[in-house]
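Right, one structure below, let's go through it.
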Amino acid sequence: MTKNIVLIDDHMLFREGVRRILEFEEDFKVVAEGNDGDEAMKIVEDYQPDVILMDINMPHIDGVQATKQLIDKFPEVKVIILSIHDDENYVTHALKSGAQGYLLKEMDSDALIEAIKIVSEGGSYLHPKVTHNLVKEFRRLSEAQAGQLSPIEYRKPLHLLTRRECEVLQLLADGKSNRGVSESLFISEKTVKNHVSNILQKMNVNDRTQAVVAAIRNGWVEVQ
């Protein structure tokens, strides 16, 4: 089933590059483009897209404000924020606005395609680098709230995952992309995807972000 996509970004060359990547995917179709948040509302109303790729920094109405307005009017709309900022404050504001995804513009094409597929199916997707920063902050706040002076005891979840899956889970927590995991473990990206899929299924979560957060809560990964 074809996923209709809208691009909202004030940089035409960036939009063109993203559109060319998506044109190679048979299941994706870019149905409209816009320059800013002002245009986004009318475009969404006219085209009813499955996914919106929304730049966070735009004139007039920024991506966070536009996302909130869109989701208030169209609750079913799914937005992936595109940004150059990996700071957790930007990510938190984007997620609070209702965005289901957050990608850094340094992303590779595989990450873009994976994010759209996951978000269009109801999941959430954060750029691996962003995930690492968020989970570090989550760990810090959790320990502070619990009054912990010593780190959580780390133990591998060998009752649930294989040793290789434990290694993959740790690398996800370290902020590695599929390609980064592949290079670290000297295995193919296809094998990495299979391991990630198995991890999500065994942990009963929808995406890698949820898997990493759950792993931190249980002390299954070390966060530097």
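Out of the residues in the range 122-141 that are under 13 Å from the mean Cα position of the chain (by Cα) and open to solvent by 50 Å² or more (accessible area, probe 1.4 Å), state the one that is modelled with the highest pLDDT.
GLY122
Do we have any residue at all in the range 145-163 that's open to solvent by less than 70 Å² (accessible area, probe 1.4 Å), modelled with pLDDT under 80 and among the hydrophobic types (A, V, I, L, M, F, W, C)?
Yes, the range 145-163 contains a residue that is open to solvent by less than 70 Å² (accessible area, probe 1.4 Å), modelled with pLDDT under 80 and among the hydrophobic types (A, V, I, L, M, F, W, C).
Given the residues VAL181, VAL205, VAL213, which is the only one that is within 19 Å of ILE113 (Cα to Cα) and β-branched (Val, Ile, Thr)? So that I can check it myself, show each step before the final result.
Details: VAL205 fails: within 19 Å of ILE113 (Cα to Cα); VAL213 fails: within 19 Å of ILE113 (Cα to Cα).
Of VAL181, VAL205, VAL213, the one residue that is within 19 Å of ILE113 (Cα to Cα) and β-branched (Val, Ile, Thr) is VAL181.
Let me confirm something: among LEU95, LEU13, LEU22, which residue is closer than 17 Å to GLY123 by Cα and assigned by the TED database to the domain that holds VAL119?
LEU95
Restricting to the range 1-36, and then to whatever is of a type in the set (Val, Ile, Thr) and touching a helix residue (DSSP H, G or I) at 6+ places or on another chain (Cβ under 8 Å), can you tell me which residue is farthest from SER83 (Cα to Cα)?
VAL31
Residue check, HIS11 against (1) at pLDDT 95 or above; (2) surrounded by fewer than 16 Cβ atoms within 10 Å (Cβ to Cβ), all met but one. Which one?
(1)
Going residue by residue through the range 68-84, is there one that turns out to be touching a Phe, Trp or Tyr at 6+ places or on another chain (Cβ under 8 Å) and either open to solvent by 20 Å² or more (accessible area, probe 1.4 Å) or β-branched (Val, Ile, Thr) (or both)?
For the range 68-84, residues touching a Phe, Trp or Tyr at 6+ places or on another chain (Cβ under 8 Å) and either open to solvent by 20 Å² or more (accessible area, probe 1.4 Å) or β-branched (Val, Ile, Thr) (or both): present.
Kindly indicate whether any position in the range 28-35 is touching a residue at least 40 places away in the same chain (Cβ under 8 Å), surrounded by 15 or more Cβ atoms within 10 Å (Cβ to Cβ) and of a type in the set (Phe, Trp, Tyr).
Taking every residue of the range 28-35 in turn, at least one turns out to be touching a residue at least 40 places away in the same chain (Cβ under 8 Å), surrounded by 15 or more Cβ atoms within 10 Å (Cβ to Cβ) and of a type in the set (Phe, Trp, Tyr).
Does ASP46 meet the test of being open to solvent by 30 Å² or more (accessible area, probe 1.4 Å), among the acidic types (Asp, Glu) and over 18 Å from GLU16 (Cβ atoms)?
Criteria met by ASP46.
Run down VAL64, VAL91, VAL30 and say which single residue is among the β-branched types (Val, Ile, Thr), at pLDDT 90 or above and in a helix (DSSP H, G or I).
Within the list VAL64, VAL91, VAL30, the selection yields VAL64.
Answer yes or no as to whether SER109 is surrounded by 18 or more Cβ atoms within 10 Å (Cβ to Cβ) and either modelled with pLDDT of 90 or more or under 15 Å from ILE5 (Cβ atoms) (or both). Before you say what the answer is, go through the steps one by one.
Details: surrounded by 18 or more Cβ atoms within 10 Å (Cβ to Cβ): no; either modelled with pLDDT of 90 or more or under 15 Å from ILE5 (Cβ atoms) (or both): yes.
The answer is no for SER109.
The values are calculated or read from the model by the stated rules, or taken from the named source; none is laboratory data. Since the model is a prediction, treat every value here as computed from it, not as a measurement. Quick reminder, even Gly has a Cβ in these numbers, built from the backbone with ideal geometry, and neighbours come from all protein chains shown. Accessible surface areas use protein heavy atoms only, side chains included; no ligands, DNA or RNA. Shrake-Rupley method; radii C 1.70, N 1.55, O 1.52, S 1.80 Å.
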